[in-house]
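**Q** First the structure, which I've put down as structure tokens, then a few questions once you've had a look.
Read-outs throughout are calculated quantities, based only on the coordinates presented, and are distinct from any laboratory measurement. Just so you know, these numbers come straight off a predicted model, no measurement behind them. Positions of Cβ are backbone-derived with ideal geometry, glycine not excepted, and every protein chain shown enters the neighbour counts.
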């Protein structure tokens, strides 16, 4: 059985690593806080490691699920990181939502070391990670993707190779543009319903089966109504994603007015203390603004 390393055991990463363990893969896991990873180990079945080098030394597959592009760059490029410590022939799969430009650079650096690097960000949030129903959009070489596919199939349902390095991240950018619009839209629909004296859940039931229906309305809007603002996906990470898209489109003659509006909304919400809430908590900001 192939050896697996997992870097980053947060809200989603620990669940994904656990699916690989249950599929029979031996997994060594690393996170910035060893004590946290060690505490997670009995639940998810992986072996906690104190260093990246220890986790990846014998790994045939290395998966990365961290927070920000700077974290991705660190775990790949820092002394003792993946590129220095992994064996030639290993396949490294970055599942973080990160920069397409960085994905292309890591692919090139990996090739110099004999390490195949795939960018494979995901969509589906904590629920998709827990239920192994994530959508996975990959960029990189076809042969490496095909080798990684049996492992990716333990974590997701829709798994597509979108093109060469960086194309997975570009696809996730398009996903986040669509999510931004859908999130703001259902939030405003709820606020409107409340102000109009409607039962907001009944309103969602009425429109969810029609043209307005979406994954966000089916899965996230009920959380917002229930006051469940726990982070399946952090506000601060959503802001990060939207800023990556903003930076990638700069100088390309592309104007994304809706995205810029939603980014501004979330930045104001984060500044008011909401950065560690889930994205569905935007309703709090709307309610506060409408009451002033």
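**Q** Taking the chain as the reference, fit the longest principal axis to its C-alpha atoms, fit the long axis of helix 100-113 to the helix C-alpha atoms, and give the angle between the two in degrees, 0 to 90, nearest 10.
**A** For helix 100-113, the angle is close to 10 degrees.
**Q** Hey, of [x] 21.0, 63; [y] 19.2, 67; [z] 19.7, 63, which did the structure itself give for Rg and Dmax of the Cα atoms in Å when calculated?
**A** The listed entry that was calculated here is [z].
**Q** Nearest 10 degrees, 0 to 90: what angle lies between the long axis of helix 142-152 and the longest principal axis of the chain (Cα atoms)?
**A** 70
**Q** Calculated from DSSP H runs of 4 or more alone, at -39500 (n - 2.57) each and per residue, what is the 222 nm mean residue ellipticity of the chain, nearest 500?
**A** -16000 deg cm²/dmol
**Q** Semi-axes of the stretch 171-290's equivalent ellipsoid from the Cα gyration tensor, sqrt of 5 times each eigenvalue, largest first, rounded to whole Å?
**A** 25, 16, 13
**Q** Rg and Dmax of the stretch 7-162 over Cα atoms: what are they, in angstrom?
**A** 13.9, 37
**Q** Ranking 254, 37 by Cβ neighbours within 10 Å, fewest first, what do you get?
**A** 254, 37
**Q** Arrange the peptides 225-231, 128-134 so that the one whose residues have, on average, the most other Cβ atoms within 10 Å appears first.
**A** In decreasing order of mean packing, 225-231, 128-134 become 128-134, 225-231.
**Q** Follow-up question, since we're still on this one. Between the stretch 1-47 and the stretch 258-279, what is the separation of their alpha carbon centroids in Å?
**A** A separation of 31 Å, based on Cα centres.
**Q** Could you work out how much longer the chain between residue 87 and residue 201 gets when fully extended? Use 0.36 nm per residue separation minus the Cα distance between them, nm to one decimal.
**A** 35.7 nm
**Q** Just need the relative contact order of the stretch 171-290 here, percent rounded to a whole number, with Cα pairs under 8 Å and 6+ apart.
**A** 37
**Q** Dividing the convex hull volume of the alpha carbon atoms of the stretch 115-161 by its residue count, what do you get in Å³ per residue?
**A** Output value, Cα hull per residue: 64 Å³.
**Q** Any idea how far apart residue 271 and residue 38 come out in nm if each label point goes 7 Å out from Cα toward Cβ?
**A** Going from the residue 271 label point to the residue 38 one covers 4.2 nm.
**Q** What's log10 of I(q)/I(0) for the stretch 164-206 at q = 0.16, 0.21, 0.33 Å⁻¹, Debye sum over Cα points only, no solvent?
**A** Debye intensities relative to I(0), on a log10 scale: -0.53, -0.67, -1.02.
**Q** If you find the alpha carbon centre of the stretch 71-147 and of the stretch 211-239, how far apart are they in angstrom?
**A** Centre-to-centre (Cα) distance: 27 Å.
**Q** As I understand it, the value is the acute angle between the Cα axis of helix 235-249 and the longest principal axis of the Cα atoms of the chain; what does it come to in degrees, rounded to 10?
**A** Between helix and principal axis, roughly 80 degrees.
**Q** Which ordering of 217, 82 is given by a fewest-first count of other beta-carbon atoms within 10 Å?
**A** Going from least to most buried by this count: 217, 82.
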